[in-house]
Structures are given as C-alpha cells and as structure tokens.
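Student: I have a structure here, written as structure tokens, and I will follow up with some questions on it.
The values are calculated or read from the model by the stated rules, or taken from the named source; none is laboratory data. Note that the coordinates shown come from a computational prediction; the quantities given were computed from them, not determined experimentally. Here Cβ is always computed from backbone atoms with ideal geometry, including for glycine, and neighbour counts include all displayed protein chains.
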Amino acid sequence: MPIKRIMVVDDSPTERAYIENLLKKKGYEVLLVDSGEKAIERSKADQPDLILMDVVMPGLNGFQATRAITREEKTKHIPVIICTTKDQETDKIWGLRQGAKDYVTKPLSEADLIEKIKALG
C-alpha cells in the first residue's frame with residue numbers, strides 16, 4: 001500500500017514545521033500532532049498510512065505512544081518510524097521492541113528518511 005498520509009508527532013513546533021515541509025515537497029499529505037496522547041487519539045480517527053514519532057515529549061513519551069498504537073486493534077496496521085535525538089543502540093532496540101518498524105536519529109537526513117518511508121510503502 002503506497003504511503004500518502006503521514007502523521008508527524010513531535011512536541012517541537014520547529015521540528016514539526018521542518019518535517020512537514022520536507023514531506024510536503026515530496027508530495028505527502030501531513031497531519032501534525034504535538035503529543036503522544038494526541039497521537040493515539042488521532043491515529044484511531046485519521047488512520048494515517050505512517051506515523052513519524054518523536055520520543056522525548058512531555059506526558060506520554062514516544063516509546064509509550066508507539067507501544068499503544070502498535071498494540072491497539074484499530075491502529076496496529078499503521079507503521080511507526082521513530083525520529084529522535086536519542087541515538088544509543090539500546091534506545092533503538094527499545095524503540096523497535098515497542099513496535100516501531102524503523103528508527104532514525106535527528107538531525108534527519110532527508111534522503112535517508114524518504115528512503116525509509118518508501119521502503120514501508
């Protein structure tokens with residue numbers, strides 16, 4: 001299934017805007033969310049084709065939100081790519097164990113991110 005609608009979950013307005021612009025110029029429709037709680041709620045309602053999830057956020061962090069989304073019946077089919085500054089190997093392993101399909105570290109490489117999105121499409 002081709003990926004067209006991507007939900008970007010990040011508490012930083014700057015990061016959301018940067019990723020939104022990067023994705024829109026590649027032709028993707030972008031949904032912006034600023035918390036893990038809203039990501040869970042909106043993923044059920046909006047059913048995006050992919051979620052790009054930050055980890056370090058107030059309230060529910062990205063690992064917790066990813067686990068909830070990938071284990072919920074209505075949303076478990078939606079792939080999640082974690083996009084974070086947390087670059088330790090243990091963070092990556094933990095993120096994938098929560099159900100993420102891939103893991104990228106910030107600052108994002110545009111080419112790398114687009115390649116990972118296409119690989120899931």
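Student: If residue 92 satisfies every condition in (1) in contact with a Phe, Trp or Tyr (Cβ under 9 Å, 6 or more places away or on another chain); (2) within 12 Å of residue 7 (Cα to Cα); (3) among the charged types (D, E, K, R) but one, which is the exception?
Tutor: Unmet condition: (2).
Student: Is there a residue being charged (D, E, K, R) and surrounded by fewer than 19 Cβ atoms within 10 Å (Cβ to Cβ) anywhere in region 44-54? Explain how you work it out, then say what you get.
Tutor: At the first step, the residues of region 44-54 found to be charged (D, E, K, R) are 44, 46, 49, 54.
Those still in the list that are surrounded by fewer than 19 Cβ atoms within 10 Å (Cβ to Cβ) too: 44, 46.
Checked against the condition, which is being charged (D, E, K, R) and surrounded by fewer than 19 Cβ atoms within 10 Å (Cβ to Cβ), region 44-54 yields at least one hit.
Student: Further, regarding this structure: On the basis of being touching a Phe, Trp or Tyr at 6+ places or on another chain (Cβ under 8 Å) and either buried (at least 16 other Cβ atoms within 10 Å of the Cβ) or of a type in the set (Lys, Arg) (or both), does residue 98 make the cut?
Tutor: Working: touching a Phe, Trp or Tyr at 6+ places or on another chain (Cβ under 8 Å): yes; either buried (at least 16 other Cβ atoms within 10 Å of the Cβ) or of a type in the set (Lys, Arg) (or both): yes.
Yes, satisfied.
Student: Could you tell me whether any residue of region 59-82 is modelled with pLDDT of 95 or more, among the aromatic types (Phe, Trp, Tyr), under 13 Å from the mean Cα position of the chain (by Cα) and part of a helix (DSSP H, G or I)?
Tutor: Within region 59-82, one or more residues are modelled with pLDDT of 95 or more, among the aromatic types (Phe, Trp, Tyr), under 13 Å from the mean Cα position of the chain (by Cα) and part of a helix (DSSP H, G or I).
Student: Considering only region 1-20, how many residues are surrounded by fewer than 20 Cβ atoms within 10 Å (Cβ to Cβ) and of a type in the set (Val, Ile, Thr)?
Tutor: Residues in region 1-20 being surrounded by fewer than 20 Cβ atoms within 10 Å (Cβ to Cβ) and of a type in the set (Val, Ile, Thr): 2 in total.
Student: Working only within region 93-106, note down all residues that are outside any strand (DSSP E or B), more than 18 Å from residue 57 (Cβ to Cβ) and of a type outside the set (Val, Ile, Thr).
Tutor: Going through region 93-106, the residues outside any strand (DSSP E or B) turn out to be 93-101, 106.
From what's left, more than 18 Å from residue 57 (Cβ to Cβ): 93, 96-97, 101.
Within region 93-106, 96, 97, 101 qualify.
Student: Go through (1) under 17 Å from residue 9 (Cα atoms); (2) surrounded by fewer than 21 Cβ atoms within 10 Å (Cβ to Cβ); (3) β-branched (Val, Ile, Thr) for residue 90 and report which single condition fails.
Tutor: The number of the failed condition is (1).
Student: Hey, can you tell me all the residues within region 21-42 that are in a helix (DSSP H, G or I) and either surrounded by 16 or more Cβ atoms within 10 Å (Cβ to Cβ) or not basic (Lys, Arg) (or both)? Talk me through it step by step, then tell me what you get.
Tutor: In the first step, residues of region 21-42 are kept if they are in a helix (DSSP H, G or I); the result is 21-24, 36-42.
Residues satisfying the conditions are 21, 22, 23, 36, 37, 38, 39, 40, 41, 42.
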